[in-house]
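Visitor: Here it is: the structure, laid out below.
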Amino acid sequence: MLHAEPFPRKVRADITSLNRRAVRLRAVPLPCFRDGELAASIARDGGEYRMLSDTFHPAVGFVAGWVCLVVGFSAPIAASSMAFGKYLHALLPGVPPIAAGIVLVVLLSTVHAARVTAGAWLQNLLT
């Protein structure tokens, strides 16, 4: 059967998807350049909060800090502790995975909160 159009629908969808991916890949370095330029122009400590507060408004930096805390740090910690719990449960079937993950997070948080040097030593040991 001959098609009246140059590419069938499936091929057109694949080409469109590839074009979108190519545009995204070209745009990946742009935030790096932007952040580098901002860091060079704002030569003070504070990271993302400082850049956003000085560039836009302090409220933007405050909200970005909370978003980073909740999404950028809490989610990976929870996922890692859940993975630890599942691995430990595979080794020791009597240990509930969620409880093991919670104990790990509380234990590591306590070490880090107690003394910075102890937390740094533990971090160096585990990584």
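The values are calculated or read from the model by the stated rules, or taken from the named source; none is laboratory data. None of the values given here were measured: they were computed from a predicted structure. Note that we place each Cβ from the backbone using ideal geometry, even for glycine, and neighbour counts take in every protein chain shown.
Visitor: Can you tell me how many residues in segment 102-119 are over 21 Å from L88 (Cβ atoms) and either among the hydroxyl-bearing types (S, T, Y) or surrounded by fewer than 12 Cβ atoms within 10 Å (Cβ to Cβ) (or both)?
Guide: 5
Visitor: Hey, among V71, V67, V60, which residue is surrounded by 14 or more Cβ atoms within 10 Å (Cβ to Cβ) and either β-branched (V, I, T) or not assigned by TED's automatic domain parsing to the domain that holds L107 (or both)?
Guide: On inspection, the qualifying residue turns out to be V60.
Visitor: For residues that are more than 20 Å from I42 (Cβ to Cβ) and within 13 Å of the chain's Cα centre (by Cα), tally how many sit in segment 68-97.
Guide: So the count comes out to 12.
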